[in-house]
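S.K.: Structure in structure tokens, see below.
The values are calculated or read from the model by the stated rules, or taken from the named source; none is laboratory data. None of these values were measured; they are calculated from a predicted model. Here the Cβ is made from the backbone with ideal geometry for all residues, glycine too, and neighbour counts use every protein chain on show. Accessible surface areas use protein heavy atoms only, side chains included; no ligands, DNA or RNA. Shrake-Rupley method; radii C 1.70, N 1.55, O 1.52, S 1.80 Å.
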Amino acid sequence: MGVNVSVVAIDAGNSKTDVALIGEDGTVLATARGGGFQPPVVGVEAAIDVLAAVLERAAAELPAPPVLSGHVSACLANADLPVEEAELAAALEVRGWGASVEVRNDTFAILRAGVDEPRGVAVVCGAGINCVGMTPDGRTARFPAIGRISGDWGGGSGLAEEALWFAARAEDGRGEPSELARTLPAHFGLDSMYGLIEALHRGGIPLERRHELTPVLFATAAGGDPVAGALVERLAEEVVAMASVALNRLGLLEEEVPVLLGGSVLAARHPQLNDRIAGLLAARAPKAEVRVVSEPPVLGAALLGLDRTGAGPKARRRLRAQYT
């Protein structure tokens, strides 16, 4: 006999994928981790092949072959629009990993991981920035969150670009003086922004290492630099703007509701940033409870799956206890 799997939970980001196989009673039967999910880079089928490899590793941990007749709850990076969620769901259905499939943007996993019921708002700031909200009756609030063309500002990559822009102008005299002109190149052992610009332009420093400059920006702001501080202030305003709009769309602006912060930038708990977010949000949504999500996103994908299968509160409590 095989092992009955009620939920195949998938949390797939750009850099890593987590899979958890969940029993009907909320027991975590097996887990595995693998590579990132990047359909824009490798194509949809190749990206799903990555998920398949992680699922196979999880299945290999079971004492008998899995019976995949339950629900697939996949929270995926790069599923930024409903049409993309539908396309990815169709591609997953072909794989036959469950009787039903639901694909959501991976921000929903972070939100659901941090709440006892599907009610609240999450703002995630990692490489980019995104915000989603949901209520128990199935209503959601979301943004396209695909960069500047969808009105976004912030995220680690965007902050690094902004810091470089201000630092370059501070050094050559076009802009306001800023310690960023010293701290950014110093991070790479260089003594000038000109040297850093040349190194980035000519490949001496890989462009993907620019994300390392975001913590430098926060450290410079904490040291009292007004230019760096203004960037941190603007990010706080962006986070609160997204959260407030999502709350308003769901009719939760005046209610007691969790507003969760996730992603590498917000989870780093920079006091200047997170305290400012809490202060600004208190003026817009005075009953909201702001906190940083510490639970793993794959838990959120699994809980969304149990919600879909109609599992009771005991199963959800059992599942959460295995991750917290």
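S.K.: Go ahead and collect, in residue order, the members of the range 114-140 whose backbone nitrogen is under 16 Å from a label point 7 Å along the Cα-Cβ direction of H187.
M.R.: Answer for this model: 126-128.
S.K.: Let me ask something additional. Report the equivalent ellipsoid semi-axes for the range 15-86 in whole Å, largest first, defined as the square roots of five times the eigenvalues of the gyration tensor built from alpha carbon atoms.
M.R.: Each semi-axis is √(5λ); the values are 24, 14, 10 Å.
S.K.: Which of the listed residues, L81, L159, W97, is farthest toward the dipole's positive end in the range 19-171, when Lys, Arg count +1 and Asp, Glu count -1 at the beta-carbon?
M.R.: Farthest along the dipole direction, towards plus: L159.
S.K.: Continuing with the same structure: Report the one residue of L184, G224, L196 whose Cα lies farthest in the direction of the positive end of the charge dipole of the range 156-248 (charges on C-beta: Lys and Arg +1, Asp and Glu -1; origin at the Cα centre).
M.R.: Highest projection toward the positive end goes to L196.
S.K.: Please name which of G263, A282, L252 has its Cα lying farthest along the dipole of the range 233-302 towards the positive end, using unit charges on Cβ (Lys, Arg +1; Asp, Glu -1) and the Cα centre as origin.
M.R.: Result: G263.
S.K.: May I pose another question? Which part of the range 284-319 falls in the paramagnetic zone of D25, meaning amide N under 19 Å from the point 7 Å along Cα-to-beta-carbon?
M.R.: From the range 284-319, the list is 303, 306-307, 309-319.
S.K.: Using a basic spin-label model with each label point 7 Å from the Cα along Cα→Cβ, how many nm lie between A99 and E198?
M.R.: About 6.7 nm, to one decimal.
S.K.: Among S244, S15, S178, which one shows the biggest mean-square fluctuation in a GNM of the chain, springs joining Cα atoms closer than 10 Å?
M.R.: S15
S.K.: Under Stokes-Einstein, with the Kirkwood radius over Cα pairs standing in for Rh, what whole-number D in µm²/s applies to the range 207-282 at 25 °C and 0.890 mPa s?
M.R.: 182
S.K.: So what is log10(I(q)/I(0)) for the chain at q = 0.13 1/Å, when the Debye sum runs over its Cα atoms only?
M.R.: Listed by q, the Debye log ratios stand at -0.96.
S.K.: Suppose every Lys and Arg Cβ carries +1 and every Asp and Glu Cβ carries -1, with no other charges. What dipole size does the range 256-297 come out with about its Cα centre, to the nearest 20 debye?
M.R.: Charge dipole of the range 256-297: 140 debye, to the nearest 20.
S.K.: Convex hull over the Cα atoms of the range 1-137, averaged projected area in nm²?
M.R.: 8.3
S.K.: Suppose a student asked you for the relative contact order of the range 15-79, using Cα pairs under 8 Å spaced at least 6 residues apart; what percent would you report?
M.R.: Over the range 15-79, the number comes to 31 percent.
S.K.: On average, how much accessible surface per residue is there in the range 219-267, in Å², for a 1.4 Å probe, leaving out ligands, DNA and RNA?
M.R.: It amounts to 36 Å² per residue over the range 219-267.
S.K.: Given Cβ point charges of +1 (Lys, Arg) and -1 (Asp, Glu) and nothing else, what value in debye, to the nearest 20, does the dipole of the chain about its Cα centre take?
M.R.: 520
S.K.: Evaluated at 25 °C with a viscosity of 0.890 mPa s, what Stokes-Einstein diffusion coefficient in µm²/s does the range 241-321 have when Rh comes from the Kirkwood expression over alpha-carbon pairs?
M.R.: 171
S.K.: Where does helix 82-95 land angle-wise versus the long Cα axis of the chain, in degrees 0 to 90, nearest 10?
M.R.: 40
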